[in-house]
1. Before we move on, is residue 278 out of contact with any Asp or Glu (no Cβ under 6 Å at 6 or more places or on another chain), outside any strand (DSSP E or B) and of a type in the set (A, V, I, L, M, F, W, C)?
2. Yes or no: region 164-172 includes at least one residue that is assigned to a helix (DSSP H, G or I) and modelled with pLDDT of 95 or more.
3. Name every residue in region 317-344 that is touching a Pro at 6+ places or on another chain (Cβ under 6 Å), part of a strand (DSSP E or B) and open to solvent by 10 Å² or more (accessible area, probe 1.4 Å), in order of residue number.
4. Which numbered condition trips up residue 312, out of (1) more than 27 Å from residue 256 (Cα to Cα); (2) touching a residue at least 24 places away in the same chain (Cβ under 8 Å); (3) part of a strand (DSSP E or B)?
5. If you check every pair at least six apart or on different chains, which have Cβ atoms under 6 Å apart with a residue in region 50-65 that is modelled with pLDDT of 95 or more first and a residue that is in a strand (DSSP E or B) and open to solvent by 40 Å² or more (accessible area, probe 1.4 Å) second?
6. Let me confirm something: among 298, 374, 378, which residue is of a type in the set (A, V, I, L, M), out of contact with any helix residue (DSSP H, G or I) (no Cβ under 6 Å at 6 or more places or on another chain), at pLDDT 95 or above and open to solvent by 30 Å² or more (accessible area, probe 1.4 Å)?
7. Within region 426-446, which residues are under 22 Å from residue 318 (Cβ atoms), open to solvent by 10 Å² or more (accessible area, probe 1.4 Å) and assigned to a loop (DSSP other than H, G, I, E, B)?
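The values are calculated or read from the model by the stated rules, or taken from the named source; none is laboratory data. Everything numeric here is computed off the predicted structure, so don't read it as measured data. Counting neighbours? That spans all protein chains shown, and the Cβs are built from the backbone with ideal geometry, glycine included. For accessibility, only protein heavy atoms count, side chains too; no ligands or nucleic acids. Shrake-Rupley method; radii C 1.70, N 1.55, O 1.52, S 1.80 Å.
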Amino acid sequence: MAARKGRGRTCETGEPMEAESSDAGTEGRAQVYLPGRGPPLREGEELVMDEEAYVLYHRAQTGAPCLSFDIVRDHLGDNRTELPLTLYLCAGTQAESAQSNRLMMLRMHNLHGTKPPPSEGSEEEEEEEDEEDEEERKPQLELAMVPHYGGINRVRVSWLGEEPVAGVWSEKGQVEVFALRRLLQAVDDPQALATFLRDEQARVKPIFAFAGHMGEGFALDWSPRVSGRLLTGDCQKNIHLWTPTDGGSWHVDQRPFVGHTRSVEDLQWSPTEDTVFASCSADASVRIWDIRAAPSKACMLTTATAHDSDVNVISWSRREPFLLSGGDDGALKIWDLRQFKERKQSGSPVATFKQHMAPVTSVEWHPQDSGVFAASGADNQITQWDLAVERDPEAGDAETADPGLADLPQQLLFVHQGETDLKELHWHPQCPGLLVSTALSGFTVFRTISV
């Protein structure tokens, strides 16, 4: 079990983390700012980012804000840590008018770390080298987009063999599947991008669409085990199963899975069983289903009051039998699925964490480190956690000096701030420790010293 200091437990949290004061008594002294724990900022104080808390940190804007995005797995290799990094995102906009929305492919590259390596030489040489180095280290963004009528509530990407596709939930009440190959080719090659923008962009249409949901929704998940198998859930409490057919199409079962009494907020396929999935709802419940049963009888396990109110998001660990949930109550809860023995209507989480002071908007387990997860909230915090952390006895003096630290959950590794209206986050599956988030303020890509 790692001690806190072993993880580099960092509460000098990110994008603004320390409060600098211009008061005479505290001038020049930086203090750790803990949201919701301790006094609010006083007049003359401002939050500044502690760059030493980050290995890498970049921001990007694309015009209209994106409510949802997904990271596109690429062919650049796994376990990439060497800088600069390259990554691909697929995102959908929430523009002011339905006609102004876009489905976008982003290629972010030349992503360097926060601290350039030191150079040797005279001051003049160093200044020239710094200017050249700064130019060389500028992050780059390529963008290819296609028109989409209506705001995009959620985007999830999957590879069907060698073909990348995006499942898209529209605010207009239908779910569409788009082929992404041409968009990926366009962001990789300037000539291909010019051709795409000139000849193809306006003509791109979904390869499949389902309008059988009786309204809009948000929940959507591709199976990690059965290529092309898809689940979609709507605000009318219904969940539909999509089964791929020959010829690149889908059969959507018109019979919805029955159980929830209010909006289905999120869906997650089991990472270990082909036919099992989890759902969460505004009815405060978390449910486990098996598609081998008839849709009216497929709900196998239920925790009826998983949270005090809406359960917004869930994440199923790919390495442990744990389900992570986040709700409107600001709580993060971990459920051990081995304790779900029967069709009981109640259950107890094995852990509950309360750091967020507003609804939790996104949660996700780290793809490689089984005890680590991240969460975002409407309080504009991104938090990183490690279940393996125990209290370090030697840290007592520091926590006595700053009483706010003593109240923090010992598993809390890092608090990142500085975004506005956070919506969603994802770990990059091929770049360990790299987090990407979307908010009204744009995209943020970062890796902390803690993970």
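1. On the way: out of contact with any Asp or Glu (no Cβ under 6 Å at 6 or more places or on another chain): yes; outside any strand (DSSP E or B): no; of a type in the set (A, V, I, L, M, F, W, C): yes.
Criteria not met by residue 278.
2. To start, the set of residues in region 164-172 that are assigned to a helix (DSSP H, G or I) comprises none.
No, that holds for no residue.
3. To start, the set of residues in region 317-344 that are touching a Pro at 6+ places or on another chain (Cβ under 6 Å) comprises 318, 328, 333-335, 337-338.
Within this subset, residues satisfying the condition of being part of a strand (DSSP E or B) are 333-335.
Listed by number, the list holds a single entry, 333.
4. (1)
5. If the second residue must be in a strand (DSSP E or B) and open to solvent by 40 Å² or more (accessible area, probe 1.4 Å), the pairs left are 55/447; 56/447; 60/141.
6. 378
7. 429, 432, listed by residue number.
For (1) in the same structural domain as residue 325 (by the TED database); (2) basic (Lys, Arg); (3) part of a strand (DSSP E or B), each residue gets a yes or a no:
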{"residue": "205", "(1), (2), (3)": "no, yes, no"}
{"residue": "220", "(1), (2), (3)": "yes, no, yes"}
{"residue": "232", "(1), (2), (3)": "yes, no, yes"}
{"residue": "241", "(1), (2), (3)": "yes, no, yes"}
{"residue": "250", "(1), (2), (3)": "yes, no, yes"}
{"residue": "260", "(1), (2), (3)": "yes, no, no"}
{"residue": "266", "(1), (2), (3)": "yes, no, yes"}
{"residue": "274", "(1), (2), (3)": "yes, no, no"}
{"residue": "288", "(1), (2), (3)": "yes, no, yes"}
